[in-house]
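Trainee: Below: one structure in C-alpha cells.
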Amino acid sequence: MTEATAIASFRRVSPAILASARMAMANDIPDTSKSEISLLLKKAAPILGIDGTTYHVLDILLGLSRGDDWKGAGRPIVAISNAKLAEYTLRSERTVTRCLRRIVEAGIAAYRDSPTGRRFVYRDNDGMVASGFGLDFTPARVRLAEIKESVDNYQRELKASQDARRAVTRFSRAIIDACEAFPEKADSWRCAAQAIMEMTVSRAEQASRLESLHSEVLEYAESRFDQHNMSCAGDIGVTSIINTTPKNLSDSNERTRSHERDIKKTDDGSAAEMAYENKPEAAVGDTQSRPRQAEKTVGDIQGAVLAAVPVGLLQVGCRAAQECVSVEFDGWSDVVGAAEMMRRMIGLSEAAWADGVGRVGRYAASAILATVLEKSLRDPELIAKPGGYFRAMVDRAVDGSLHLSKSLYGLAESGMNTRNG
DNA sequence: GTTCTGTCCGTGATGCCGCC
DNA sequence: GGCGGCATCACGGACAGAAC
C-alpha cells in the first residue's frame, strides 16, 4: 500500500515533519509486533527526547493501534481526537497537540491528515485500513532496526558510564586508605588523585588514570612489604602491611566500603538496614556531630522504607520495569544503577530526583522509582503524573506513612495472576 | 532562567439544518 | 439547489503562570 501522506494546509510543516511524512510513504517495511514496537519505543523514549506527557500520549496511541497493522502491508494508523487524548492524559487539548507534534518530529509517526484534519479510519471486510486519517506509525516500522541499534548503544553507554563511575569511587577509596597506611606518600598520592578528579576528561578516562595510580600504590605497598619482611625475618607475629586498609580495617570499612557490595551479600530484609547511606557512627566530637545527625535522619528514613523490602521483592514485583530498562534487579546496585534510566522513563526531572535522594536516600529513592515505573507501565491511566506520584511517595516516606512492601507485594501478586491468567 | 502547561483568540474546512 | 448560519474539529500564535 503506497499512499501519499497528506499534511493539512493549516499545519506548520517543519523539516522533521516532512521527513516523517516521507518515511510513512516507504514500501517494504519490516514486520514487527505491537508489543515489540511498544517496548522498543518506550526504551527509545529518552533517546528520542520523549518524556512526561508526550510519553503518556505515545503510550496511549500505541495501545490503540491494532496488532495486525504492524505486519505485512498494514499501516498502524491511530485515529483518536485531541479531546479524548486530553481526557485520558488529564491535560489540555493544546498540550496534546504539542505532544503529537513532538512524537511526529521525533520521527516515529507521521501526520496523515484528512482535508479537515479530522481523524478516522475505515476498514474493509478483512480488517485492513481502506482509508485512514490520523497518526501513522509507519515511520517507527521503517526505523525499527535503527531504533534497536540506538537503544543498544544507549544502554551500553549508560552501563559504561555507570561502571566508570563505580571504578572511580572504588579506586579513590583504595587510594585514600593507602594514604592512611603510608603517610609518607599520602600527600603525593592525594595530589595526584585530586589532579585526576579535577581533569576535564571523561569518567572512563578518570577511571583509567586512577587505576594506573592505584597500580603504583600497590607496587609501593608490595615493595614496602618486601622490605618489612626482610627486616623482620624470623620475627613471630608480624602483621603484613600489604593490605591498603590495615590496622583499622573495620573502621575504614565502616567509612568507605561499597554499600552495593555489602547489600549484595544478603537478600533478606536485613539488607535494607545495611543499605543506609549514612550509617550512624559513634560520636566523634562536637564539630562533626551536627552534620552526622542530619545524615542519620536520612538513614533512618531509608531504613524505615526498606526495612521490609528485600531486593528479591523488587525483582518479583517490578518485572515490567526491569524489562523496560533491560536490567535484572539481582542486587541493590542494579536497582540504583537503573535509577537514571527509570527517572527518564517516568519523566522525572533531575532536580526532583536529587531532592528525593536527599530526603530518603539513594536506595529508598531508587526502590520508590522502580515501583512508580512499574505502576505506570502496568496502568498508565492510573498514574497521570508519575513524577508527582514519586514526589508524593517520597513525602509519605518522610512522614513515615509509606509502606512500600505492601505495594510491592500487591504488584508481585497481580503480576503472577496476570502471567497465570 | 528555562521549560511546560493552560487559556484565549483567530483561521480553515466540512457537515448539518433551516430558509428562500 | 443555493445560500447563510452554526457547530465541530484541528491547528498555530501569543501570553501568563507554575514547576523545575
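Trainee: Which of the residues spanning the range A:73-95 are touching a Lys or Arg at 6+ places or on another chain (Cβ under 9 Å) and within 12 Å of DNA strand B (Cβ to nearest atom)?
Mentor: First pass over the range A:73-95, keeping only residues touching a Lys or Arg at 6+ places or on another chain (Cβ under 9 Å): A:74-82, A:85-86, A:90.
A:Asn82, A:Leu85, A:Ala86, A:Leu90 - these are the residues of the range A:73-95 that are touching a Lys or Arg at 6+ places or on another chain (Cβ under 9 Å) and within 12 Å of DNA strand B (Cβ to nearest atom).
Trainee: Residue check: is A:Leu58 farther than 17 Å from A:Ala73 by Cα, buried (at least 20 other Cβ atoms within 10 Å of the Cβ), away from DNA strand B (no atom under 16 Å from the Cβ) and under 23 Å from the mean Cα position of the chain (by Cα)?
Mentor: Spelling it out, it is not the case that A:Leu58 is farther than 17 Å from A:Ala73 by Cα, buried (at least 20 other Cβ atoms within 10 Å of the Cβ), away from DNA strand B (no atom under 16 Å from the Cβ) and under 23 Å from the mean Cα position of the chain (by Cα).
Trainee: Within the range A:62-84, which residues are within 10 Å of DNA strand C (Cβ to nearest atom) and either touching a residue at least 12 places away in the same chain (Cβ under 8 Å) or hydroxyl-bearing (Ser, Thr, Tyr) (or both)?
Mentor: Listed by number, the residues that qualify are A:Ala79, A:Ile80, A:Ser81, A:Asn82.
Trainee: Continuing with this model, one more query. In the range A:111-150, which residues are touching a residue at least 12 places away in the same chain (Cβ under 8 Å), more than 16 Å from DNA strand C (Cβ to nearest atom) and more than 13 Å from A:Pro76 (Cα to Cα)?
Mentor: A:Arg143, A:Leu144, A:Ala145, A:Ile147, A:Lys148, A:Ser150
Trainee: Check the range A:27-50 and report whether any residue there is surrounded by 18 or more Cβ atoms within 10 Å (Cβ to Cβ), within 16 Å of DNA strand B (Cβ to nearest atom) and among the charged types (D, E, K, R).
Mentor: No; the residues of the range A:27-50 include none that is surrounded by 18 or more Cβ atoms within 10 Å (Cβ to Cβ), within 16 Å of DNA strand B (Cβ to nearest atom) and among the charged types (D, E, K, R).
Trainee: Related question: Name the pairs: first residue in the range A:344-363 and not assigned by TED's automatic domain parsing to the domain that holds A:Lys375, second residue outside any loop (DSSP other than H, G, I, E, B), Cβ to Cβ under 7 Å, at least 6 apart or on different chains?
Mentor: Cβ pairs passing all conditions: none.
Trainee: Report the residue count in the range A:1-55 for those that are part of a loop (DSSP other than H, G, I, E, B), β-branched (Val, Ile, Thr), closer than 30 Å to A:Leu373 by Cα and modelled with pLDDT of 85 or more.
Mentor: The number of residues fulfilling the criteria is 1.
Trainee: Is the range A:138-151 home to any residue that is surrounded by 12 or more Cβ atoms within 10 Å (Cβ to Cβ), in contact with a strand residue (DSSP E or B) (Cβ under 7 Å, 6 or more places away or on another chain) and within 23 Å of A:Arg12 (Cβ to Cβ)?
Mentor: Checked against the condition, which is being surrounded by 12 or more Cβ atoms within 10 Å (Cβ to Cβ), in contact with a strand residue (DSSP E or B) (Cβ under 7 Å, 6 or more places away or on another chain) and within 23 Å of A:Arg12 (Cβ to Cβ), the range A:138-151 yields at least one hit.
Trainee: Given the criterion among the basic types (Lys, Arg), under 24 Å from A:Tyr154 (Cβ atoms) and modelled with pLDDT of 85 or more, identify the matching residue among A:Arg319, A:Arg344.
Mentor: The unique qualifying residue is A:Arg319.
Trainee: Regarding A:Ala221, is this residue assigned to a helix (DSSP H, G or I) and touching a residue at least 40 places away in the same chain (Cβ under 8 Å)? Before you say what the answer is, go through the steps one by one.
Mentor: Values: assigned to a helix (DSSP H, G or I): yes; touching a residue at least 40 places away in the same chain (Cβ under 8 Å): yes.
In short, yes.
Trainee: So, in the range A:92-147, of the ones that are aliphatic (A, V, I, L, M), part of a loop (DSSP other than H, G, I, E, B) and modelled with pLDDT of 85 or more, which residue ends up farthest from the chain's Cα centre (by Cα)?
Mentor: The extreme case among them is A:Ala109.
Trainee: Determine whether the range A:6-17 contains at least one residue that is touching a residue at least 60 places away in the same chain (Cβ under 8 Å) and crowded, with 21+ Cβ neighbours inside 10 Å.
Mentor: Among the residues of the range A:6-17, not one is touching a residue at least 60 places away in the same chain (Cβ under 8 Å) and crowded, with 21+ Cβ neighbours inside 10 Å, which makes the answer no.
Trainee: In this structure, is A:Lys375 under 26 Å from A:Arg91 (Cα atoms), surrounded by fewer than 24 Cβ atoms within 10 Å (Cβ to Cβ), within 16 Å of DNA strand B (Cβ to nearest atom) and not β-branched (Val, Ile, Thr)?
Mentor: no
Trainee: Take A:Arg112 and decide whether it is of a type in the set (Lys, Arg) and either away from DNA strand B (no atom under 14 Å from the Cβ) or not assigned by TED's automatic domain parsing to the domain that holds A:Ala45 (or both).
Mentor: yes
Trainee: Which of the residues belonging to the range A:345-361 are surrounded by fewer than 20 Cβ atoms within 10 Å (Cβ to Cβ) and either in a helix (DSSP H, G or I) or more than 13 Å from DNA strand C (Cβ to nearest atom) (or both)?
Mentor: A:Glu350, A:Ala351, A:Ala352, A:Ala354, A:Asp355, A:Gly358, A:Arg359, listed by residue number.
Trainee: Give A:Glu105, A:Glu157 a once-over and let me know the one that is over 18 Å from A:Ile37 (Cβ atoms), surrounded by fewer than 20 Cβ atoms within 10 Å (Cβ to Cβ) and within 13 Å of DNA strand B (Cβ to nearest atom).
Mentor: None of the others qualify; the one that does is A:Glu105.
Trainee: What is the residue count in the range A:85-101 for residues that are surrounded by fewer than 20 Cβ atoms within 10 Å (Cβ to Cβ), under 20 Å from A:Arg11 (Cβ atoms) and more than 8 Å from DNA strand C (Cβ to nearest atom)?
Mentor: Residues in the range A:85-101 being surrounded by fewer than 20 Cβ atoms within 10 Å (Cβ to Cβ), under 20 Å from A:Arg11 (Cβ atoms) and more than 8 Å from DNA strand C (Cβ to nearest atom): 3 in total.
The values are calculated or read from the model by the stated rules, or taken from the named source; none is laboratory data. Everything numeric here is computed off the predicted structure, so don't read it as measured data. Neighbour counts are summed over all protein chains in view; Cβ atoms, including those assigned to glycine, are modelled from backbone coordinates with ideal geometry.
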